[in-house]
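Just below is one structure, and these are the notes that go with it.
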Amino acid sequence: MKKKLIAGNWKMNGGLASNEALLNGLLAGLQQAPACDVALAVPAPYFAQVSAKVAGSAIALAAQDVSAHASGAYTGETSSVMLQDFGVRYALVGHSERRQYHGESDGVVAEKARQALAAGITPVVCVGETLQEREAGQTEAVVKRQLAAVIHVNGHCISEIVVAYEPVWAIGTGRTATPEQAQQVHAVLRAQLAAASAHADRIRIVYGGSMNAANAAELLAQPDIDGGLVGGASLKAEDFLKIIAAAR
Ligand code: 13P
């Protein structure tokens, strides 16, 4: 059976001193190997700090974004090969905050996934509908369109990705999708992956959106929820450790 993946997304939070304290707390709590895979998507300036700190532990390093280009005149961007230099294992692509605030299209997200895969980094492809789209009955169509773009560009590599279902209305709002709502969308995504890959059951589909220590176990018990992408609750060692413990 595939291991679940619990990934923390620190977003634009942290600092040298607070990272040190948070990581000390996590490492102390993870002395016994967890049943799931664990990753932390940290701001790029802290890759060196975090990668040195988590070396030899159960925590893998993740990036919050990656450039759609290999190298060159793209001021402010970070290439997948640069991520590789720091031992980055996963890269989020198409997080709703990138789609919303940085205008990332489905096509750009697909190219980012391609760049990550080319460098041996697992893209965590984020999909999810807004509240307005959900209320208009467009949830399935939206997530399928977002995933289809990545499948189209990445073809046979598709079994190497992680998919994250993050309903936009549940991000940072304290309003979590119910386990049934999340499972329903995960099943749709699984079927879409199965149509594209013989190894769809191997692909992890994780849930994100106000996952916390209290609701993680119920979400993670759903048949097609293979882990979590955790924002706010990943900034507190105690909460994040509880979510990790709930993933078995
Ligand atoms: P919250 O857990 O803070 O809702 O954030 C979810 C998220 O966007 C993770 O990528």
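What's the extension gain from residue 138 to residue 198 if we count 0.36 nm per residue and subtract their Cα-Cα distance? Before the final figure, lay out the partial values.
Values: separation 60, 0.36 × 60 = 21.60 nm, distance 2.73 nm.
Value of the extension gain: 18.9 nm.
Place a +1 charge on the Cβ of each Lys and Arg in the chain and a -1 charge on the Cβ of each Asp and Glu, then give the dipole magnitude about the Cα centre in debye, rounded to the nearest 20.
380 debye
Work out, step by step, the length gained on full extension between residue 173 and residue 238: first 0.36 nm times the residue separation, then minus their alpha carbon distance; give nm to one decimal.
Details: separation 65, 0.36 × 65 = 23.40 nm, distance 2.03 nm.
Between residue 173 and residue 238, full extension yields 21.4 nm more.
Considering the chain as a Gaussian network with a 10 Å cut-off on Cα pairs, which listed residue, 92, 40, 27, attains the greatest mean-square fluctuation?
The residue that fluctuates most here is 27.
Determine which lysines satisfy two conditions relative to residue 236: a Cα distance under 30 Å, and not lying fewer than 8 residues away in the same chain.
2, 3, 4, 11, 53, 112
Pop a pseudo-label 7 angstrom from the Cα along the beta-carbon direction at both residue 35 and residue 148 and give the gap in nm to one decimal.
Roughly 3.8 nm, to one decimal.
None of the figures in this text is laboratory data; all of them are computed from the coordinates on show. Being a predicted model, the structure only gives us computed values, none of them experimental. All Cβ positions, even for glycine, are placed from backbone atoms using ideal geometry, and neighbour counts span all protein chains on display.
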